[in-house]
């Protein structure tokens, strides 16, 4: 069995498109976010696992979305506007915010319609239609894979901030990433695990172990998927924020709601 290596947590920012930020969230903010999101999922799970799609329509604010296969809601569904504002302020004041600006430019915007609160359940606890995420690039957001020719140059310029709210990667599902970026859009048939495994050397796969409040930052070119093993017994909850250059917002996301990071 292949064992993924541990890569250094301190990464050369000038070359890397992946960054691990330990203790990204201060404890008071982490506690408040965990409580608010936990309360939301208590309401959701107190409905019915069998009819969550119907149940969630009753509790979602207007304009917010629910993704049943990922047990996810857009960030504004689970968090107040003030909590979202405070989270963005934390990003703006952080070293990680500088890392993002170095990649995207001095003016950065977060897409609220592509930013999510997710709960990845332990195997054996999946609600109806729930499934782990397969291999994908976040830079593929909104891409039309049915177009001819292949939209291989349609990868979005962006950074994802992936924040763990509880320990993950050992007894709770985490992420697996390929640390070498793919600077073109991969089609669905290229994202099958067997195809990905033959494309990259073993030492490029990374399954980081995260503590509550840790964050992973990566560009839209980074391949990643849910890391889940049959023996995991704990659920994982995370926040995902999608950042874009404010002066070059993607045309295919033009209908989304953006908020500036200042």
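Nothing in this text is a laboratory measurement; each read-out follows from the coordinates by a stated rule. Note that this is a predicted model, so its numbers are computed, not measured. Backbone-built Cβ (ideal geometry, glycine too); neighbour counts: all protein chains shown.
Some points to look at:
- Packing-based order for 185-193, 114-122, using average beta carbon neighbours within 10 Å, highest first: 114-122, 185-193
- Length gained when the stretch residue 107-residue 86 is fully extended (0.36 nm per residue, less Cα-Cα span): 5.8 nm
- Each peptide in 239-246, 16-23 receives the mean, over its residues, of other Cβ atoms within 10 Å, and ordering these scores from highest gives 239-246, 16-23.
- Between residue 262 and residue 144, the contour length at 0.36 nm per residue exceeds the alpha carbon distance by 39.3 nm.
- Most to least packed among 196-206, 221-231 [average Cβ atoms within 10 Å]: 221-231, 196-206
- The chain - percent relative contact order, Cα under 8 Å, separation 6 or more: 31
- Stretching the chain fully between residue 94 and residue 22 yields a gain of 24.7 nm (0.36 nm per residue, less the alpha carbon separation).
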